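The structure appears right after this line, and notes come after that.
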C-alpha cells in the first residue's frame, strides 16, 4: 500500500495537472507551453514507435502535440496526463499513417525490451547494434500487425483498449496480435546476429 505521504503527494500532483489542463483549454498560453514542453518527448517516442517513418517523425510529432493541445479540454484526470496524451497521439499517428503509406522503417528497440535487459550493462556498441537489428525485424511487420504489436508490447495496452484505438473488433485484434508476434519471432530467428546477441544477454 502506498504510504499516506506519497498518496497525498500524488493526489496534489494530479490536481495540479487537471488545473493546468483547464488553464490551457481556456487559452492560457503559458499553460499550453508548459504542457507542450512536458509532453513533447513522450509524444515523439510514441510517434516513432507507431509510424516507423524517420522522414515524417518530426512533422507528425508536431501534428500529434497540436492534437493533444486541441483536445486538452477533454482531460478529466481519470488517468495520468501522460497516459491520456499517449492515447491521443497514438490515434492521431495511426490516422496519419493510413493517409501516408511511405514507410522508411527506422524504429528504436522496444522500450520494454530495453528495460528488461538494462541490468546486463551491455556496451554502447552492442546496444546500438541490437536496436538496429531489432528495429529491422520489427519494421518488417505489415502495418496492421505492427500497430497492434506496438500497442501491446511497448505500451502494454489490453486487447479491449487496442480495439478501441485501432477501431477494429476485439477478435480481429487478437488474431492480428497472434499473427504479428509469430511474424516477429520468425524475423528474429532468421537474424543470426540478433539471435546470438539475445542469447548472450540472457541471465
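Bear in mind these aren't lab numbers, they're just calculated from the coordinates by the rules spelled out. On a predicted model such as this, the values are computed, not experimentally measured, just so you know. Cβ atoms come from the backbone with ideal geometry, glycine included; neighbour counts cover every protein chain shown.
Consider all pairwise Cα distances in the stretch 11-87 and report the whole-number % of them above 22 Å.
22 percent
Please order 58, 17 by the number of other Cβ within 10 Å, starting at the fewest.
Placing the least packed residue first, the sequence is 58, 17.
Considering Cα pairs under 8 angstrom that are at least six residues apart, work out the relative contact order of the stretch 11-99 and quote it in whole percent.
Dividing the mean separation by the residue count of the stretch 11-99 yields 36 percent.
Sort 14, 156 so the one with the fewest other Cβ atoms within 10 Å of its own Cβ comes first.
Listed from fewest to most nearby Cβ atoms, that is 156, 14.
At what distance in nm do the modelled label points of residue 167 and residue 58 sit from each other, each positioned 7 Å from its Cα along Cα→Cβ?
Going by the 7 Å Cα→Cβ label model, 3.0 nm.
Going by how many other Cβ atoms sit within 10 Å of their own, how do 66, 32 line up, fewest first?
66, 32
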